[in-house]
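> First, the structure itself, so that you have it in front of you.
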Ligand code: ARG
């Protein structure tokens with residue numbers, strides 16, 4: 001049991017006062033492999049082939065220094081910080097259905113692991129190189145699960161990740177085709193198997209919002225609905241039609257406290273889905289232009305400049321923001337937050353920032369209903 005009687009695992013949303021969190025680590029990291037679900041590209045516009053094998057000791061040390069800095073800040077705020085086990089991601093993986101030359105990293109636990117109330121869910125994952133990415137967190141999962149009988153643990157069904165699960169030509173689609181197919185929400189994974197990454201979900205108490213994307217398909221969303229709705233959650237699929245390569249919702253739509261969501265001005269939510277939020281008293285506030293342009297991002301980073309808005313809440317009034325993102329810090333300050341800047345640019349190399357690089361285990365609070373119109377509809 002935790003000090004204040006809450007279950008050891010208890011986190012229902014993105015903003016309640018934080019008590020315990022896992023911060024990722026660059027130890028053992030490798031370059032993400034090229035595979036049907038991912039075609040990483042060097043960002044300098046050259047056609048240079050993407051490197052393979054382990055990341056250099058220097059690049060890992062730079063990221064680790066910033067990850068450790070985040071851990072220090074959180075600890076000073078009274079938060080218990082845990083770290084993943086070391087794992088050699090340069091090892092290949094071979095299953096009966098596929099083979100891949102290396103794996104990726106444990107910098108972004110958010111992509112793999114999610115706490116939904118008192119339950120830990122391990123995602124199916126969507127890429128071969130990330131098939132075993134749950135492993136560095138297993139020791140922690142066992143510890144939480146063994147230490148409190150109120151904690152439950154669910155591992156989603158592993159897809160085959162065989163060739164048939166992917167659309168091999170996705171990466172070559174011309175822009176017009178991309179536009180057309182995108183509106184049908186068809187990306188690099190087909191609908192044949194259950195597929196989701198944990199970071200396509202964002203938590204609002206009883207309500208879980210999940211983005212359909214390159215990393216989460218409709219079968220994955222059906223699995224989440226049927227698994228979570230009998231437990232009292234409501235699962236809402238959402239779409240951001242202007243994002244041609246959607247993956248992970250936390251650079252697009254981040255709730256900061258009850259009634260306030262930070263949104264991405266380049267990626268407005270589908271007009272049919274917006275009322276769910278606005279009719280329940282949620283204000284959508286656009287993030288300012290990031291300090292880095294897409295071309296200034298680290299050479300091997302596969303995420304967009306919108307890593308700028310990947311903030312982490314310590315509580316409904318305290319928030320951690322990347323140190324150089326001054327315009328966002330100013331906005332958050334004007335919105336009434338105490339802002340904690342932390343340098344994190346070297347972590348961008350691994351495709352994530354503050355929210356991606358963490359996995360919250362325990363926050364105060366419970367399964368509040370932040371969407372009363374849905375409850376009223378059900379009663380009517
Ligand atoms: N696809 C997002 C973007 O480029 C990056 C998401 C990163 N999030 C994460 N949890 N790894 O804007």
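Bear in mind that the values in this text are calculations on the coordinates, not laboratory data. It should be emphasised that the depicted structure is a prediction, and the values quoted were computed from it without experimental measurement. In this analysis, Cβ positions are derived from the backbone assuming ideal geometry, glycine residues included, and neighbour counts consider all displayed protein chains.
> Mean-square fluctuation check for the chain, GNM, Cα pairs under 10 Å: which of 302, 180, 103 is largest?
Maximum fluctuation in the GNM of the chain, among the listed residues, is at 180.
> Additional query: Ignoring everything except DSSP H segments at least 4 long, calculate the 222 nm mean residue ellipticity for the chain; use -39,500 (n - 2.57) per segment, divide by total residues, nearest 500.
Working: 7 runs with 72 residues, N = 380.
Result for the chain, helices only: -5500 deg cm²/dmol.
> Size of region 194-292 along its principal axes in angstrom, Cα-based, largest extent first?
The principal-axis extents, from largest down, are 40, 29, 22 Å.
> Using a Gaussian network model on the chain with a 10 Å cutoff between Cα atoms, which of 223, 282, 173 fluctuates the most?
173
> For region 12-63, compute Rh as the Kirkwood radius over C-alpha pairs and then the Stokes-Einstein diffusion coefficient at 10 °C and 1.306 mPa s; write the answer in µm²/s, rounded to an integer.
Numbers: Rh = 14.2 Å.
For the chosen part, D equals 112 µm²/s.
> Also, I was wondering about something else. Given Cα pairs under 8 Å that are at least 6 residues apart, what percent is the relative contact order of region 233-303? Don't skip to the end; give the middle numbers.
Working: 61 pairs, mean separation 20.5, N = 71.
With pairs under 8 Å counted, the relative contact order is 29 percent.
> Measure out, as a whole number of angstrom, how far apart the alpha-carbon centroids of region 284-341 and region 75-153 sit.
25 Å
> Further question: In square nanometres, what is the average projected area of the Cα convex hull of region 221-368?
One quarter of the hull surface, i.e. the mean projection, equals 9.6 nm².
> In addition: Could you list the residues of region 295-326 with an amide nitrogen less than 16 Å from a label point located 7 Å from the Cα of residue 48 in the Cα-to-C-beta direction?
Within reach of a label on residue 48, which here means backbone N under 16 Å from a point 7 Å along Cα→Cβ, region 295-326 contributes 295-302.
> Further question: In nm, give the distance between the simple-model label positions of residue 72 and residue 335, each being 7 Å from the Cα along the Cα-to-Cβ direction.
Using points 7 Å along Cα→Cβ, the separation is 2.8 nm.
> When only Cα pairs under 8 Å and 6 or more residues apart are kept, what is the percent relative contact order across the chain?
Reported as a whole number, the value is 23 percent.
> Pairs of alpha-carbon atoms within less than 8 angstrom and 6+ residues apart define the contacts here; what relative contact order does region 223-375 have, in percent?
Computed over region 223-375, the figure is 19 percent.
> Let me ask you something else. Measure out, as a whole number of angstrom, how far apart the alpha-carbon centroids of region 198-254 and region 24-62 sit.
Measuring centre to centre over Cα atoms gives 27 Å.
> At 7 Å along the Cα-to-beta-carbon direction for both residue 90 and residue 148, put a label point, then send me their distance in nm to one decimal.
3.9 nm
> Where does the chain land on the Kirkwood hydrodynamic radius, alpha-carbon pairs, in angstrom?
Result for the chain stands at 20.9 Å.
> Moving on. Given R₀ = 30 Å, FRET efficiency for residue 270-residue 226 by Cβ-Cβ distance, to 0.05?
In this case the efficiency is close to 0.85.
> Sticking with this structure for a sec: What translational D, rounded to a whole number of µm²/s, comes out for region 300-375 from Stokes-Einstein when the hydrodynamic radius is the Kirkwood one over Cα pairs, at 25 °C and 0.890 mPa s?
In µm²/s, the coefficient is 176.
> Right, here's the next one. What is the diffusion coefficient of region 135-207 in µm²/s, taking the Kirkwood radius over Cα pairs and the Stokes-Einstein relation at 20 °C with a viscosity of 1.002 mPa s?
135 µm²/s
> Only Cα pairs within less than 10 Å get springs; with that Gaussian network setup on the chain, which residue of 296, 330, 272 has the largest fluctuation?
Comparing 296, 330, 272 in a Gaussian network model of the chain, the most mobile one is 272.
> Quick one: if you take sqrt(5λ) for each eigenvalue of the C-alpha gyration tensor of region 260-338, what semi-axes come out, biggest first, whole angstrom?
Semi-axes, largest first: 23, 18, 10 Å.
> Between residue 278 and residue 184, what length in nm is gained on full extension when 0.36 nm per residue of separation is reduced by their alpha carbon distance? Could you put the intermediate results ahead of the total?
On the way: separation 94, 0.36 × 94 = 33.84 nm, distance 2.47 nm.
Fully extending the segment from residue 278 to residue 184 adds 31.4 nm.
> For region 56-176, take the alpha-carbon Rg, divide it by the Kirkwood Rh, and send me Rg/Rh.
Taking Rh as the inverse mean 1/r over Cα pairs, Rg/Rh reads 1.03.
> Sort all Cα-Cα distances of region 99-164 into consecutive 5 angstrom bins from zero, then give the percent of pairs in each bin up to the one containing the longest distance.
Going out from 0 Å in 5 Å bins, region 99-164 shows 3, 16, 26, 23, 15, 9, 4, 2, 0 percent.
> On to the next question. How much length would be gained if the chain were fully extended between residue 323 and residue 164, taking 0.36 nm per residue of separation minus their Cα-Cα distance, in nm to one decimal?
Residue separation times 0.36 nm, minus the Cα-Cα distance, leaves 52.9 nm.
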